[in-house]
1. Regarding Ala80, is this residue aliphatic (A, V, I, L, M) and either surrounded by 13 or more Cβ atoms within 10 Å (Cβ to Cβ) or in a strand (DSSP E or B) (or both)?
2. Any idea how many residues of region 116-139 are part of a loop (DSSP other than H, G, I, E, B) and farther than 14 Å from Ile78 by Cα?
3. Taking region 83-130 only, how many residues are of a type in the set (S, T, N, Q) and surrounded by 15 or more Cβ atoms within 10 Å (Cβ to Cβ)?
Amino acid sequence: PRASLAPPAKPPPRHLRDAGVPGLAPGDCSTVPGVSEEGSKHLISAEKSEPLSGGGRDRVDMNAGMSPRPSTDWGPIIVAVILFVVLSPGLLFQLPARTRVVEFGNMGTSAIAILVHAVIFFCLLTIFVVAIGVHVYAA
């Protein structure tokens, strides 16, 4: 038989051997990308919810003070609906109008007025949502 040139495999660290981490067989810490045997000390056991090598350390609850279901930010939606209604060409004003630069309440529209109102809508929506940061959270 041919002799292997590879060094003998080191036994896995004791904290991994005795922990019973689901899906992680003994010695697999070297196959997890970015995790060395020294870094594997910070793996969290899904069964015990405590650090594998820490002993009596308290578990940190990442969801402390948060509702079980994340709330939705309605700010951009509300701003978009209000701007869409207010900037409808011809409802309050039309820019440019048929005979003048601006007409108020004429209930008419044109292709160029739709384009101008769309550009104004996009600019104002960007200012309110991105620059000012309007947020409305509902439970």
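Readers should treat all values here as calculations from the given coordinates under stated rules, not as data from a laboratory. Just so it is clear, the model here is predicted, and its values are computed rather than measured. Every residue, glycine as well, gets a Cβ built from its backbone with ideal geometry; the counts of neighbours run over all protein chains shown.
1. yes
2. Step one: filter region 116-139 for residues part of a loop (DSSP other than H, G, I, E, B), giving 133-136, 139.
Now restrict to residues that are farther than 14 Å from Ile78 by Cα: 139.
Total meeting the criteria: 1.
3. Residues that pass the stated criteria total 4.
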